[in-house]
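Below is one structure, written out as structure tokens; the observations come after it.
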């Protein structure tokens, strides 16, 4: 999502909101929930139970669905006495929104550096204009505010919705981006988090744009709100198993070729993210092109981090450190500093690794719009503990080992390290 802040955009950190029961009836704002969903039967019931008491209607664009998503939504809307509006789309009913996933589809226009996309391919229609699909339902609402969520999302504090709508309106804000946590680890830690557009006033100018990783455009004033309407992507939709491999990349790549690579910087950076692991050489070429177009410092810093991660994957840790340092020079990112801690540790530069960790802790106090993630901090503590041990500072090594064990209590490497540190401490005791 494009949460690009401008000098005019306010930031609300933990603003005081009225609770639903404190808002007068005449001041309450109506809210519609907007969904684009495919085979969401495993999670849509939870979603409606989550936000149902705080919304007036549900508008669902249902694409290529073969399960009971529609029936479940209808039942839950009846239970909460919600208006229910649905639009069903398929390649047959809305062919302009789809492409055929075959090799020839991706041979249009021009390549970036001579690459040939080799799939895999499904040979079936693929939804290729998500903004277009969302806009089909976006305009169908009777409510004053529109709430955007995915079927497998969960709002941590749904009771904040009424108060936030009221607060935004009082401040003349018509679009709000709130904290979004996604890609959790098996240990339950957030791998990535940032801001994503969530609440938009029912203003005709605000529309979805973008074939994939679609964004909301047209707001007169956008706010970044921290501490309210926090959303977690549970990633537990059974429909996820039906998603074609590389679907986002395919859509973005085809569009770039068709437009001779004259696409927005945001589309380029998302394309690089989508192919970073599978085709790193193409990702690097896309990032290089992106850097000639983008002026947003935090987003550029994100691009540098990707370049660093590609180097680290190749075991080129010296090169990775240089890219992470480029990122920090562009923007004081927390993730970039923690990634630098990792690459410096791999280089055997113990003191520099510790310094990078400290920089990451310092940078956490700065607003991270695009991507942060607590897991990088916790993983860095393991490295810092090992670095202190290499430097002979066993007290600090034990301190960080204990802190890391709070985050990863089942980590056998940490337990082994702690045992060795305790044995060393006993040997040093008189």
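Taken together, the values in this text are just the output of simple stated rules run on the coordinates, not laboratory data. No experiment lies behind these values; they were computed from the predicted model shown. With ideal geometry, Cβ positions are generated from the backbone for all residues, glycine too; neighbour counts draw on all protein chains shown.
Build a GNM of the chain with springs between Cα atoms under 10 Å: which of 26, 45, 71 gets the top mean-square fluctuation? Highest fluctuation of the listed residues: 26. Counting only DSSP beta bridges with both residues in region 36-132, tell me the antiparallel percent, nearest 5. Here the antiparallel bridges make up roughly 25 percent for region 36-132.
Take each peptide in 99-106, 245-252, 420-427, 63-70, count the other Cβ atoms within 10 Å of every residue, and average; sorted highest first, the result is 245-252, 63-70, 99-106, 420-427.
Between the Cα long axis of helix 317-330 and the first principal axis of the chain there is an angle of about 60°, rounded to the nearest 10. Taking region 264-316, how much of its Cα-Cα pair set, in percent, is spaced more than 18 angstrom apart? The share of Cα pairs beyond 18 Å in region 264-316 comes to 21 percent.
Just checking the listed ones, 360, 172, 137: in the Gaussian network model of the chain with Cα springs under 10 Å, the one fluctuating most is 172. With Rh defined as the Kirkwood radius, the inverse of the mean 1/r over Cα pairs, the Rg/Rh of region 306-387 is 0.93. Helix 394-407 sits at what angle to the longest principal axis of the chain, using alpha carbons and giving 0 to 90 degrees rounded to 10? So the helix axis and the longest Cα principal axis differ by about 20 degrees.
Quick check on the chain: of the DSSP beta bridges with both residues there, what percent are antiparallel, nearest 5%?
On the way: 21 of 47 bridges.
So the antiparallel bridges in the chain amount to around 45 percent.
Its alpha carbons considered, the chain gives a radius of gyration followed by a Dmax of 23.6, 82 Å. Put in line by how crowded their Cβ is, counting other Cβ atoms within 10 Å and starting with the fewest, 213, 113, 140 read 113, 140, 213.
What ranking do 161, 215 get, fewest neighbouring Cβ atoms within 10 angstrom at the top?
Details: 161 25, 215 18.
Starting with the residue having the fewest Cβ neighbours, the order is 215, 161.
Helices in the chain, meaning DSSP H runs of at least 4 residues, each add -39500 (n - 2.57). Divided by all residues, the mean residue ellipticity at 222 nm is -13000 deg cm²/dmol. Relative to the longest principal axis of the Cα atoms of the chain, the long axis of helix 69-79 makes an angle of roughly 80 degrees. Comparing Cα centroids, region 377-430 and region 325-358 end up 20 angstrom apart.
First obtain the Kirkwood hydrodynamic radius of region 11-239 from its Cα pairs, then insert it into the Stokes-Einstein equation at 20 °C and 1.002 mPa s, and state the resulting D in µm² per second as a whole number. Walk me through the numbers before you get to the answer.
Working: Rh = 18.8 Å.
Rounded, D is 114 µm²/s.
Considering only 25, 61, 225, the Gaussian network model of the chain with Cα springs below 10 Å gives its largest mean-square fluctuation to 25.
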